[in-house]
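Here the structure comes first, spelled out in structure tokens, and everything after it is commentary.
The values are calculated or read from the model by the stated rules, or taken from the named source; none is laboratory data. The structure presented is a predicted model; accordingly, all values stated were derived computationally and were not measured. Every residue, glycine among them, receives a Cβ derived from its backbone with ideal geometry; neighbour counts consider all protein chains shown.
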Amino acid sequence: MGSELDGRRSLLVPGAVALGGCLGAPARYGISVLVDITPGTFPWGTFWTNMTGSFTLGVVLALVFERFPPSRYLRPFVATGFLGAYTTYSTFAVETDLLARNGHVGVAAAYVGASLVGGLTAVWMGLSLGRAVPIRRRSR
């Protein structure tokens, strides 16, 4: 009986990741539809997706790890599933390559620099905000 229960529990974590991904990917697509991208210009859609994802990851990790009781499924659902599907390093890499290959090296360099500095700043801001959330003590 114990191994059967362990088997079901082991499927719940990947299930949480998959469910989060099922929600994160359409959210990313929605932003890409809303933000018009002209070839050869700064890829604002991917940039803002990655910045908001980095910020949210900081908030979530601070809350999950430092503020709230441990949850076996919350971090895989939000951090790995939703935000993993929502943010996109692969699109960032392809857009950078296309910009550079098509002669827009300055835009590509600005995109890389802004993404690195912006992503680190966003996650730091998210962690700071998450850590600022007051802890509610349960009354006994």
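Just give me the residues in region 81-111 being closer than 12 Å to T46 by Cβ and either basic (K, R) or part of a helix (DSSP H, G or I) (or both), in sequence order.
If the condition is that a residue be closer than 12 Å to T46 by Cβ and either basic (K, R) or part of a helix (DSSP H, G or I) (or both), then Y86, Y89, S90, T91, F92, A93, V94, E95, T96, L98, L99, Y111 are the ones that fit.
Restricting the search to region 22-36, which residues are assigned to a helix (DSSP H, G or I) and more than 17 Å from T52 (Cβ to Cβ)?
Passing the criteria: only C22.
Is it the case, given these coordinates, that T56 is hydroxyl-bearing (S, T, Y) and modelled with pLDDT of 95 or more?
Judged against the criteria, T56 is a match.
Matching residues to (1) more than 11 Å from the chain's Cα centre (by Cα); (2) β-branched (V, I, T); (3) within 30 Å of G106 (Cα to Cα):
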position	(1), (2), (3)
A18	yes, no, no
A25	no, no, yes
R28	no, no, yes
V33	yes, yes, yes
G40	yes, no, yes
W44	yes, no, yes
S54	no, no, yes
L57	no, no, yes
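Would you confirm, using the coordinates I've provided, whether T38 is buried (at least 16 other Cβ atoms within 10 Å of the Cβ) and among the β-branched types (V, I, T)?
no
Restricted to region 86-137, and to residues that are of a type in the set (G, A, S), surrounded by 14 or more Cβ atoms within 10 Å (Cβ to Cβ) and free of Cβ contacts under 8 Å to residues at least 60 places away in the same chain, which residue is farthest from N50 (Cα to Cα)?
Restricting to residues being of a type in the set (G, A, S), surrounded by 14 or more Cβ atoms within 10 Å (Cβ to Cβ) and free of Cβ contacts under 8 Å to residues at least 60 places away in the same chain, the top hit is A100.
Out of all the residues in region 59-85, which are over 16 Å from the mean Cα position of the chain (by Cα) and in contact (Cβ under 8 Å) with a residue 12 or more places away in the chain?
E66, R67, R72, Y73
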